[in-house]
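The values are calculated or read from the model by the stated rules, or taken from the named source; none is laboratory data. Just so it is clear, the structure is predicted and the values come from calculations on it, not from any experiment. Note that we place each Cβ from the backbone using ideal geometry, even for glycine, and neighbour counts take in every protein chain shown.
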Amino acid sequence: MFDLRPYSRKNRMTTYNPFRELEEMERRFFDDPFDFFDGHSLAEFKTDIIDNGDSYTLETDLPGFQKGDIHLDITGDVLTIKAERHSEHEQKEKKDKYVRCERSYGSYTRSFDISEVDADRITAKYADGVLRLTLPKKEPRKVDSRKLEIE
């Protein structure tokens, strides 16, 4: 793995596909047509990944969430970040008449391939609406070489 990238079940090794961007735009449009033009959806919260040499730093903005609303799960070589936000509308009195509701509520999930990461040493911190994970890289495999005699 040359870089840490979002996990996709479709295929692990991808080749250049000039239509991928169009397919992504179509998927985003039909998933949430009202958000397509706005671009502020949390459906796929935005993440920055930094290569520090011996580790990666993954930073993702999750404003408005409480620490207990964010769950990290590692299954095999896949790290999944899940965040849930419950609607305040459900808790307010019915006399409130909203003119406009723009805040998003629901469950948001993002998964990453961590096959080159030492999963046992991952650390996570959440402060000021930003989730920061430190993902130490695995030690490079030592390739043993030996000669075989031909009988």
So, in the stretch 136-151, of the ones that are at pLDDT 90 or above and either β-branched (Val, Ile, Thr) or under 17 Å from Asp77 (Cα atoms) (or both), which residue ends up surrounded by the most Cβ atoms within 10 Å (Cβ to Cβ)? Lys137
Out of the residues in the stretch 107-135 that are of a type in the set (A, V, I, L, M) and assigned to a loop (DSSP other than H, G, I, E, B), which is surrounded by the most Cβ atoms within 10 Å (Cβ to Cβ)? Ile114
It is to be established whether one or more residues within the stretch 26-33 are at pLDDT below 70 and part of a loop (DSSP other than H, G, I, E, B). yes
What do you reckon, is Tyr105 of a type in the set (Phe, Trp, Tyr) and either out of contact with any Lys or Arg (no Cβ under 8 Å at 6 or more places or on another chain) or at pLDDT 90 or above (or both)? no
